[in-house]
Amino acid sequence: MVLLQLEKERLVWRARQVAGPDHRRQSSFYPTLDAHLQGGWPHSGLVELACGPAGIGELRLLLPLLAQAQSRLQVWINPPAELNGQALAQHGIDLSQTLLIRCQNPQQALWSAEQSLNSGCCSHLILWALRLTAPQAKRLQVSAKDNQALMFWLHSQAEPSTSALPVSARLSLAPVATGLRLQIYKYQGLWPQHPCQVDMHELWPSLATPGHSSPHHVPVLMNNIVALPSKLW
């Protein structure tokens, strides 16, 4: 009974649950990055992105993917700043399919992430969290794969985690003049590769030319503050 309870809480796994690398991909809509990743982002699972300071272009990296994949809900948990609904809508994000969750502590954020994945309603999830333990990462990885969802874990460290966390991919991001430089530390099914530079100028001309903007009404995203038991994490 104890073993069954531990398995139910996803604290242990049976050998038959350990599958080989999933080679299915979904396009990032950046041809250079797709070629470097042999098709694009994983079809499902947990991807770690070490971004360093927020605002270096990490959302530009993900927005083309999110704009093209909106058959199910997209969940954003604890972004480090207020999201601009107008900007998201202008770049093709369906705000009616976008859920913003603000949590008071890391435990609530992790609980919310797991529940969102397990609901089966979520296609993509972006979580901002300083760190994950191996059991936490494993639970999120399994939940994402079981429910055919892709989760991005973003944090403010310049380098990715050094521990052997069970993630599908582990990358670091660094800003360059017209985009990002990506270093791939782990990608299931691929050998380690040289860094890749993603040129975002075609999609984001303002990276190279001065931009002008005027104030507009900012649409409100679906918002939910979750207060849930922390003992589950």
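The values are calculated or read from the model by the stated rules, or taken from the named source; none is laboratory data. Computed from a predicted model, the values in this text were never measured in an experiment. All Cβ positions, even for glycine, are placed from backbone atoms using ideal geometry, and neighbour counts span all protein chains on display. Note: areas computed on protein heavy atoms with side chains; ligands, DNA, RNA excluded. Shrake-Rupley method; radii C 1.70, N 1.55, O 1.52, S 1.80 Å.
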- Task: May I ask you to give the solvent-accessible area per residue for the stretch 120-162, in square angstrom, as obtained with a 1.4 angstrom probe?
- Result: 37
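Length gain on complete extension for the stretch GLN193 to ARG102, per 0.36 nm per residue less the alpha carbon to alpha carbon distance?
Net length gain for the segment: 29.2 nm.
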- Message: If R₀ is 41 angstrom, what is the calculated FRET efficiency for the pair GLU202 and LEU130, using the beta carbon separation as r and rounding to 0.05?
- Response: 0.80
- Query: Given the stretch 130-196 reduced to its alpha-carbon atoms as identical point scatterers, what log10 I(q)/I(0) does the Debye formula return at q = 0.13, 0.26 Å⁻¹?
  - Reply: -0.41, -1.28
- Loop-resident trypsin sites (Lys or Arg not before Pro) in the stretch 63-166 with no more than 14 other Cβ atoms inside 10 Å, DSSP not H/G/I/E/B, are ARG131
- Query: Residues with amide H under 5 Å of GLN197's amide H, sequence separation 5 or more or different chain, H placed in the peptide plane at 1.01 Å from N; which?
  - Reply: LEU182
- Amide H proximity to VAL176 below 5 Å, modelled H, separation 5+ or other chain, gives ARG181
- Extension gain GLN157-GLN115, at 0.36 nm per residue separation less the Cα-Cα distance, in nm? 12.5 nm
- Reference-scaled alpha-carbon Rg (2.2 N^0.38 Å with N residues) for the stretch 28-105: 1.16
- Using the Karplus equation 6.51 cos²θ - 1.76 cosθ + 1.60 (θ = phi - 60°), what ³J(HN,Hα) coupling, rounded to whole Hz, does each residue of the stretch 91-106 give in order, writing x for Gly and Pro? 9, x, 7, 7, 5, 6, 10, 10, 10, 9, 10, 10, 10, 7, 8, x
- Work out from phi, with θ = phi - 60° and the Karplus expression 6.51 cos²θ - 1.76 cosθ + 1.60, the ³J(HN,Hα) of each residue of the stretch 144-155, listed in order in whole Hz, and give x for Gly and Pro. 5, 5, 4, 10, 6, 10, 10, 10, 10, 9, 10, 9
- Based on the alpha-carbon gyration tensor of the stretch 70-194, what equivalent-ellipsoid semi-axes (square roots of 5 times the eigenvalues) come out, in whole Å, largest first? 23, 20, 15
- Query: So between GLN70 and GLN148, what do we pick up on full extension, going 0.36 nm a residue minus the alpha carbon distance?
  - Reply: 26.7 nm
